[in-house]
1. Got the relative contact order for the range 32-137 handy, in percent, Cα pairs under 8 Å and 6 or more residues apart?
2. For the chain, with only Lys/Arg (+1) and Asp/Glu (-1) charged at the beta-carbon, what is the dipole magnitude about the Cα centre, in debye rounded to 20?
3. Direction-averaged shadow area of the convex hull around the Cα atoms of the chain, nm²?
4. For the range 113-123, just list the computed ³J(HN,Hα) in residue order, Karplus coefficients 6.51, -1.76 and 1.60, θ = phi - 60°, integers in Hz, with x standing in for Gly and Pro.
5. Need one number: % antiparallel among DSSP beta bridges in the chain, to the nearest 5.
6. If you line up the long axis of helix 83-99 against the longest principal axis of the chain, both from Cα atoms, how many degrees apart are they, to the nearest 10?
7. Once Lys and Arg get +1 and Asp and Glu get -1 on their Cβ, which of LEU68, THR117, ILE96 lies farthest toward the positive end of the dipole of the chain?
8. Quick check: pseudo-label points 7 Å beyond the Cα along Cα→Cβ at GLN129 and THR38, how many nm apart are they?
Amino acid sequence: MSCNETILVSSCLVGLCTRYDAQANTSTGCLERIGAATWIPVCPEQLGGLPTPRPPADISGGTGHDVLRGTANVLCRDGSEVTAAFIKGAHQVLEIARKQKISRVLLKARSPSCGVTRLGVTAALLLEQGFKLEEFD
Ligand code: SF4
């Protein structure tokens, strides 16, 4: 990518230990895709106020779009609900994307926040707002 582009990227993909188990998901494919571009790492779950480490969570009853519409929720394995934190984190990421004039967003696949194919809450909000998303594993 060109060096005058600014990219938003899931923080765990670039080696930051923000995952629920305080590990990273470093992706060489993602780092290669970033190339010389300027990048800003974000973790929507942390931005939503959740701690690290934290219990793993998943969307129950729909996709990220449904969570934003209020027809699905996000539950931890112990049954506790973290829907509000996931929605807050998604809006925080959107605010950063708007303020920084982001051209592209690279997100972690299969996450209830960041997943694109299996659509997470943050990815759904960014898609609804017209951002171009790519996912990496
Ligand atoms: Fe944070 Fe998204 Fe990575 Fe999960 S997948 S640790 S929410 S950046």
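Derivation of every value follows stated rules applied to the coordinates shown; laboratory data play no part. Just so it is clear, the model here is predicted, and its values are computed rather than measured. Cβ: placed from backbone, ideal geometry, glycine included. Neighbour counts: every protein chain shown.
1. Normalised by residue count, the contact order of the range 32-137 is 25 percent.
2. Taking the Cα centre of the chain as origin, the dipole is about 240 debye.
3. Details: hull surface 28.8 nm².
Result: 7.2 nm².
4. The phi angles translate into 9, 9, x, 9, 5, 9, 6, x, 5, 5, 4 Hz.
5. The antiparallel proportion sits near 30 percent.
6. Tilt relative to the chain: about 20 degrees.
7. ILE96
8. Placing both labels 7 Å beyond Cα along the Cβ direction yields 1.8 nm.
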